[in-house]
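Heads up, the thing below is written out as structure tokens.
The values are calculated or read from the model by the stated rules, or taken from the named source; none is laboratory data. Nothing here was measured: the structure is a model prediction, and the numbers come from that model. Positions of Cβ are backbone-derived with ideal geometry, glycine not excepted, and every protein chain shown enters the neighbour counts.
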Amino acid sequence: GSFAGLAPLAGSLRDLQALGVQIIVVPSAVGFLYAVDAARIAVALSLPIVETAREAIVVMDDGGSPTVTTTLNLFQQNAAAIRSELFARFAIAPGAVAYGTLGSPS
């Protein structure tokens, strides 16, 4: 369960792979090494909520600057809109995540 004994063994990512640890590279975590014990993370998901509309006005915003919006009347276009939501909750047990900094990438 704990990653405390792993640090002295991990001289490189190849050492981790040799120990059977799955490696996932994430560009936003450059310079850090995270160890996650997935068995100690609980996740609860709701049932998906799916809603449709055929008589609505949809305003689409591209999120850019300057703001550009397009309005679509579903009834006039004989179109439908579908929205789906899924709610998630999670809990992490103490010690389930460990991290450290790495030297600069070469």
note = Within region 13-67, of all residues that are in contact (Cβ under 8 Å) with a residue 12 or more places away in the chain and among the polar types (S, T, N, Q), the one nearest to ALA98 (Cα to Cα) is SER46
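So that you can scan it fast, the table gives a plain yes or no per residue for (1) among the polar types (S, T, N, Q); (2) at pLDDT 90 or above; (3) in contact with a helix residue (DSSP H, G or I) (Cβ under 8 Å, 6 or more places away or on another chain):
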position	(1), (2), (3)
GLU51	no, yes, no
ALA56	no, yes, yes
GLY63	no, no, no
ASN73	yes, yes, no
ALA80	no, yes, yes
ALA88	no, yes, no
ALA93	no, yes, yes
ask   = From the residues in region 44-58 that are surrounded by 10 or more Cβ atoms within 10 Å (Cβ to Cβ) and aliphatic (A, V, I, L, M), which one is nearest to GLY20 (Cα to Cα)?
value = LEU45
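Out of region 42-80, which residues are under 30 Å from ALA93 (Cα atoms) and in contact with an Asp or Glu (Cβ under 9 Å, 6 or more places away or on another chain)? If you could, list the steps in order and put the result at the bottom.
Taking region 42-80 and keeping what is under 30 Å from ALA93 (Cα atoms), we get 42-49.
Those that are under 30 Å from ALA93 (Cα atoms) and in contact with an Asp or Glu (Cβ under 9 Å, 6 or more places away or on another chain): SER46, PRO48, ILE49.
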key: Subset of region 68-96 [free of Cβ contacts under 8 Å to residues at least 12 places away in the same chain and under 25 Å from the mean Cα position of the chain (by Cα)]   = PRO94
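Mind checking which residues of region 55-95 are charged (D, E, K, R) and over 30 Å from ALA35 (Cβ atoms)? First the steps, then the outcome.
Looking only at region 55-95, we keep the residues that are charged (D, E, K, R), and these are 55, 61-62, 83, 85, 89.
If the condition is that a residue be charged (D, E, K, R) and over 30 Å from ALA35 (Cβ atoms), then GLU55, ASP61, ASP62, ARG83, GLU85 are the ones that fit.
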